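Worksheet: one structure, shown below.
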Amino acid sequence: METTTEKSVEVLNDLIEINNDRIDGFDRASKDLGEADADLKAVFEKFASDSRRNVQELSAAVGQAGGEVETGNTATGTIHRAWLDVKATFSGHDRKSILEECERGEDAIKKAYREALSADNGLAPQYATIIAQQQQAINEGHDSIKALRDSQA
């Protein structure tokens, strides 16, 4: 049976992995944009930077709990990026399709944070504060991407 500390480390590491997915996703999306899309590149760079900061905070919490920090990505995130590569081959790199794919990624990280904070997840209370603060920024990021996507013709 897992202790609260072990379960907390597992939850924190899951969030590290999905933040790594988010960083990779926004970095990849930035590369798919043209010179005329400097506005989106700036948004994507900000969100990737936010997730780098999240990873640092979560890694510190894992270390504090005596756990080993995950450094990779989720299998789902890797599969999603591979699908983006295939889709881009057929549909091109227009703003709307890039934003649609980014919104899918934002939906996934939003869900991960919601699940991390669920009462039956076994998370130690000292980590819930960190995760809740990060969740607020994740939700705002999702809403920004959705609004940008909605604004495309």
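The values are calculated or read from the model by the stated rules, or taken from the named source; none is laboratory data. Predicted model only: the values in this text are computed from it and were never measured. FYI the Cβ positions are ideal-geometry reconstructions off the backbone, even for glycines, and counts take in every protein chain you see. For the accessible areas, the whole protein counts, side chains as well, though only heavy atoms, and no ligand, DNA or RNA atoms are used. Shrake-Rupley method; radii C 1.70, N 1.55, O 1.52, S 1.80 Å.
Modelled with pLDDT of 85 or more, surrounded by 14 or more Cβ atoms within 10 Å (Cβ to Cβ) and of a type outside the set (D, E): which single residue out of G105, G77 fits that description?
On the way: G77 fails: modelled with pLDDT of 85 or more.
Of the residues listed, the single one that is modelled with pLDDT of 85 or more, surrounded by 14 or more Cβ atoms within 10 Å (Cβ to Cβ) and of a type outside the set (D, E) is G105.
Quick grid of which residues meet (1) within 15 Å of the chain's Cα centre (by Cα); (2) in contact (Cβ under 8 Å) with a residue 40 or more places away in the chain; (3) surrounded by 18 or more Cβ atoms within 10 Å (Cβ to Cβ); (4) over 22 Å from N54 (Cα atoms):
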| site | (1), (2), (3), (4) |
| --- | --- |
| T5 | no, yes, no, no |
| N19 | yes, yes, yes, no |
| G25 | yes, yes, yes, no |
| G34 | no, yes, no, yes |
| D39 | no, no, no, yes |
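Filter region 119-153 down to residues that are in a loop (DSSP other than H, G, I, E, B) and either under 17 Å from I18 (Cα atoms) or in contact (Cβ under 8 Å) with a residue 40 or more places away in the chain (or both) and give me whichever is most open to solvent (accessible area, probe 1.4 Å). First the steps, then the outcome.
First, pick out the residues of region 119-153 that are in a loop (DSSP other than H, G, I, E, B): 122-124, 151-153.
Now narrow it down to the ones that are either under 17 Å from I18 (Cα atoms) or in contact (Cβ under 8 Å) with a residue 40 or more places away in the chain (or both): 122-124, 152-153.
Numbers: G122: 34, L123: 34, A124: 8, Q152: 45, A153: 129 Å².
Here the answer is A153.
Taking the condition of being assigned to a helix (DSSP H, G or I), of a type outside the set (A, V, I, L, M) and modelled with pLDDT of 65 or more, how many residues in region 80-102 meet it?
Keep residues of region 80-102 that are assigned to a helix (DSSP H, G or I), which gives 80-91, 95-102.
Add one more test, that the residue is of a type outside the set (A, V, I, L, M), and what stays is 80-81, 83, 85, 87, 89-91, 95-97, 100-102.
Subset that is modelled with pLDDT of 65 or more: 95-97, 100-102.
So the answer is 6.
Quick check, is Q56 of a type outside the set (A, V, I, L, M), open to solvent by less than 80 Å² (accessible area, probe 1.4 Å), modelled with pLDDT of 90 or more and under 21 Å from I23 (Cβ atoms)? Walk me through it before giving the result.
Values: of a type outside the set (A, V, I, L, M): yes; open to solvent by less than 80 Å² (accessible area, probe 1.4 Å): no; modelled with pLDDT of 90 or more: yes; under 21 Å from I23 (Cβ atoms): yes.
No; evaluated as a whole, the condition is false for this residue.
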